[in-house]
Amino acid sequence: DGGITQSPKYLFRKEGQNVTLSCEQNLNHDAMYWYRQDPGQGLRLIYYSQIVNDFQKGDIAEGYSVSREKKESFPLTVTSAQKNPTAFYLCASSLGGPNEKLFFGSGTQLSVL
Amino acid sequence: AQTVTQSQPEMSVQEAETVTLSCTYDTSESDYYLFWYKQPPSRQMILVIRQEAYKQQNATENRFSVNFQKAAKSFSLKISDSQLGDAAMYFCAYRTANSGYALNFGKGTSLLVTP
């Protein structure tokens, strides 16, 4: 079945530690996105990529990094510079056109130990 | 700044009744697309309905319909014959060519459906 997979479902980070959230899609989508969701808040854009080997900062990119070495994969690293990393992280992908549906993964809940 | 405002943090509706969720947006782009997403307790994002801004006709999907007022930049969602399974967070969003056609979301409205 085609879809978008995020792992792990739950992740814990220690102080000063970098952690990486995985996002893989087999939908042959060009565009991929990372969002952060805090309680009572909408989704906020962290990074996006429209094509392999290219990505752009979203509204809240500070403390995060990404790579797009393969079309299928768009991992997000939460660095130690992100002082408030506890949140629900959602990855999405689409064919890239304005009316194309975004497909979302099931999310990763990141918490700080 | 481009924003989406959902002025109702929480709404409640009785089963089988109709409820309308409000949304206003602000974009300087002339070409954009509007969406409503549902997020149940599982936190999976589910597309409910979408509207092309260049279309005057309001979109409908079964029990879900929108009232799109372009001049007022308003995009409300009407849920008819509400069901218990409609209980969820509802997010209004739009897309433009900015940010690689990423979705810009409002803060959401929590919908409670009572028997």
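The values are calculated or read from the model by the stated rules, or taken from the named source; none is laboratory data. Note that the structure is a prediction, hence the values are computed from the model and not measured. All Cβ positions, glycine included, derive from the backbone under ideal geometry; neighbour counts span all protein chains shown. Note: areas computed on protein heavy atoms with side chains; ligands, DNA, RNA excluded. Shrake-Rupley method; radii C 1.70, N 1.55, O 1.52, S 1.80 Å.
Looking at A:Glu15 and the list (1) under 22 Å from B:Arg95 (Cβ atoms); (2) touching a strand residue (DSSP E or B) at 6+ places or on another chain (Cβ under 9 Å); (3) loosely packed, with under 15 Cβ neighbours inside 10 Å, which single condition is not satisfied? With respect to (1) under 22 Å from B:Arg95 (Cβ atoms); (2) touching a strand residue (DSSP E or B) at 6+ places or on another chain (Cβ under 9 Å); (3) loosely packed, with under 15 Cβ neighbours inside 10 Å, A:Glu15 is out only on (1).
Evaluate the following for B:Ala71: is it hydrophobic (A, V, I, L, M, F, W, C), surrounded by fewer than 22 Cβ atoms within 10 Å (Cβ to Cβ) and within 12 Å of another protein chain (Cβ to nearest Cβ)?
Here the answer is no, as B:Ala71 does not meet what is asked.
Among A:Ser65, A:Ser7, A:Ser49, which is of a type in the set (S, T, N, Q) and within 10 Å of the chain's Cα centre (by Cα)?
Residue meeting the stated conditions: A:Ser65.
Do we find that A:Leu102 is facing another protein chain (nearest Cβ under 9 Å), open to solvent by less than 40 Å² (accessible area, probe 1.4 Å), touching a helix residue (DSSP H, G or I) at 6+ places or on another chain (Cβ under 7 Å) and under 23 Å from A:Lys9 (Cα atoms) in this structure? Taking the combined requirement at face value, the residue does not satisfy it. Scoring B:Gln14 on the criteria (1) more than 14 Å from the chain's Cα centre (by Cα); (2) within 14 Å of chain A (Cβ to nearest Cβ); (3) open to solvent by 40 Å² or more (accessible area, probe 1.4 Å) leaves a single failure, condition (2). Mind checking which pairs have a first residue in the stretch B:52-69 that is over 13 Å from B:Trp36 (Cβ atoms) and a second that is surrounded by 12 or more Cβ atoms within 10 Å (Cβ to Cβ) and modelled with pLDDT under 95, Cβ under 6 Å, 6 or more apart or different chains? So the pair list comes out as B:Glu52/B:Tyr33; B:Ala53/B:Tyr32. Among the residues making up the stretch B:74-107, those that are open to solvent by less than 30 Å² (accessible area, probe 1.4 Å), of a type outside the set (A, V, I, L, M), in contact with a Leu (Cβ under 9 Å, 6 or more places away or on another chain) and not in a strand (DSSP E or B) are B:Ser82, B:Asp86. Filtering the stretch B:17-46 to residues that are away from every other protein chain (no Cβ under 11 Å), at pLDDT below 95 and open to solvent by less than 80 Å² (accessible area, probe 1.4 Å) leaves B:Asp26, B:Thr27. Restricted to the stretch A:33-70, and to residues there that are touching a residue at least 24 places away in the same chain (Cβ under 8 Å) and among the polar types (S, T, N, Q), the residue that is least open to solvent (accessible area, probe 1.4 Å) is A:Ser49. Among the residues of the stretch A:48-69, those identified as among the hydroxyl-bearing types (Ser, Thr, Tyr), farther than 15 Å from A:Leu110 by Cβ and either assigned to a strand (DSSP E or B) or modelled with pLDDT under 95 (or both) are A:Tyr48, A:Ser49. The residues of the stretch A:71-99 that are part of a loop (DSSP other than H, G, I, E, B), buried (at least 18 other Cβ atoms within 10 Å of the Cβ) and of a type in the set (S, T, N, Q) amount to a single one, A:Gln82.
Somewhere in the stretch B:96-109, is a residue under 10 Å from the mean Cα position of the chain (by Cα), away from every other protein chain (no Cβ under 11 Å) and hydroxyl-bearing (Ser, Thr, Tyr)?
As a first pass, look at the stretch B:96-109 and keep what is under 10 Å from the mean Cα position of the chain (by Cα): B:105-106, B:108-109.
Still in the list and also away from every other protein chain (no Cβ under 11 Å): none.
No, the stretch B:96-109 contains no residue that is under 10 Å from the mean Cα position of the chain (by Cα), away from every other protein chain (no Cβ under 11 Å) and hydroxyl-bearing (Ser, Thr, Tyr).
State yes or no: is B:Leu112 within 9 Å of chain A (Cβ to nearest Cβ), open to solvent by 30 Å² or more (accessible area, probe 1.4 Å) and in a strand (DSSP E or B)?
So B:Leu112 does not fit the description; no.
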